[in-house]
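For reference, the structure discussed in these notes is given below.
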């Protein structure tokens, strides 16, 4: 059954944080290097996406834990797998393999669970992060006209990533944690170009990030303005993730619910980080807050971002099973 068809029938559950789960493992520099990168002249520890190549056993286990908790959609371990982000580690040459292998790993685990229960098919979302650079803002306060990256550079990087994800077996592309609308416009342009080149299309999900109580993403747009800026693309869904906890995200989801001609998604953080950068919100607290979205019929896809674990996703999935998905009304279109 197609993802689009299932979304009209029930709320789908996205998995939780990959980084939070990776941090549970006492990994060393050697784990990130493996055999392939053992002689790489630069430090690699902390490059979590690399573990898909050097410690695929860890990534597979994390995927399995989320599916066992009730997730319908797995995100690939590719949040930073663009040439722009990997330039920090001098690993631009490994980008295609990072995306292809990460998608392949998630595909294998998803298929394994689908075979166990064909009534609950599992899907793979190719995770595409915002990169480490902004296209519409200057990183230099003394030179507001300066840009660290161009639209064309972003498009080239996103196209390479999307190709690897699709060829590795992703069912959908998830552009997430968007802080600069121009970055996501470059990604959408690149993906459409790729679709034309290869003669194949898969659904696209877009998820922005409201950075603070101003209700705006980092490049200055409100939730409604962000929606309008990407609504030209044939999206499967639009949503919000990261930065804020579930309660703080709710008013902005209400805006998307009222205005979006697409399905709506949300994967908030497990609350806000404490002074040590850790997330203290319990699975029960997070699920209770997410349930408010479900009661109001605001979402079609729900999951967790930073700080969330399989325990959080398990309770969110249980809550989601009790409610109907947001309806795509004719007047939204």
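The values are calculated or read from the model by the stated rules, or taken from the named source; none is laboratory data. Quantities reported herein were computed from a predicted structural model and do not represent experimental measurements. Virtual Cβ from ideal backbone geometry, glycine too; neighbours counted across all protein chains shown.
Which residue, of 27, 98, is buried (at least 20 other Cβ atoms within 10 Å of the Cβ) and at pLDDT 95 or above?
Residue meeting the stated conditions: 98.
Run residue 159 past the list (1) farther than 15 Å from residue 84 by Cα; (2) in contact with a helix residue (DSSP H, G or I) (Cβ under 7 Å, 6 or more places away or on another chain) and report the number of the one that doesn't hold.
If we test residue 159 against (1) farther than 15 Å from residue 84 by Cα; (2) in contact with a helix residue (DSSP H, G or I) (Cβ under 7 Å, 6 or more places away or on another chain), just (1) comes out false.
Regarding the range 2-11, can at least one residue be identified that is farther than 21 Å from residue 177 by Cα, modelled with pLDDT under 95 and not in a helix (DSSP H, G or I)?
Within the range 2-11, one or more residues are farther than 21 Å from residue 177 by Cα, modelled with pLDDT under 95 and not in a helix (DSSP H, G or I).
Hey, does the range 45-62 have a residue that's more than 23 Å from residue 309 (Cα to Cα), surrounded by 16 or more Cβ atoms within 10 Å (Cβ to Cβ) and modelled with pLDDT of 95 or more?
no
Given the structure, is residue 202 within 25 Å of residue 307 (Cβ to Cβ) and touching a strand residue (DSSP E or B) at 6+ places or on another chain (Cβ under 9 Å)?
no
Test residue 62 against the criterion of being within 14 Å of residue 25 (Cα to Cα) and in a helix (DSSP H, G or I), and give yes or no.
When the stated conditions are applied, residue 62 passes them.
So if I check each of 133, 104, 120, which one is touching a helix residue (DSSP H, G or I) at 6+ places or on another chain (Cβ under 9 Å), over 28 Å from residue 311 (Cα atoms) and either modelled with pLDDT of 95 or more or not in a helix (DSSP H, G or I) (or both)?
Just a single option satisfies the conditions, and that option is 133.
So residue 143 fits all but one of (1) outside any helix (DSSP H, G or I); (2) free of Cβ contacts under 8 Å to residues at least 60 places away in the same chain; (3) more than 17 Å from the chain's Cα centre (by Cα); (4) within 30 Å of residue 319 (Cβ to Cβ); what number is the exception?
With (1) outside any helix (DSSP H, G or I); (2) free of Cβ contacts under 8 Å to residues at least 60 places away in the same chain; (3) more than 17 Å from the chain's Cα centre (by Cα); (4) within 30 Å of residue 319 (Cβ to Cβ) applied to residue 143, the lone miss is (4).
Considering 206, 184, which residue is crowded, with 20+ Cβ neighbours inside 10 Å, closer than 23 Å to residue 96 by Cα, free of Cβ contacts under 8 Å to residues at least 40 places away in the same chain and under 14 Å from the mean Cα position of the chain (by Cα)?
One residue alone meets the criteria, 206.
Considering the range 256-292 alone, what residues qualify as being modelled with pLDDT under 95 and either surrounded by 24 or more Cβ atoms within 10 Å (Cβ to Cβ) or in a loop (DSSP other than H, G, I, E, B) (or both)?
271, 272, 274, 275, 276, 277, 278, 280
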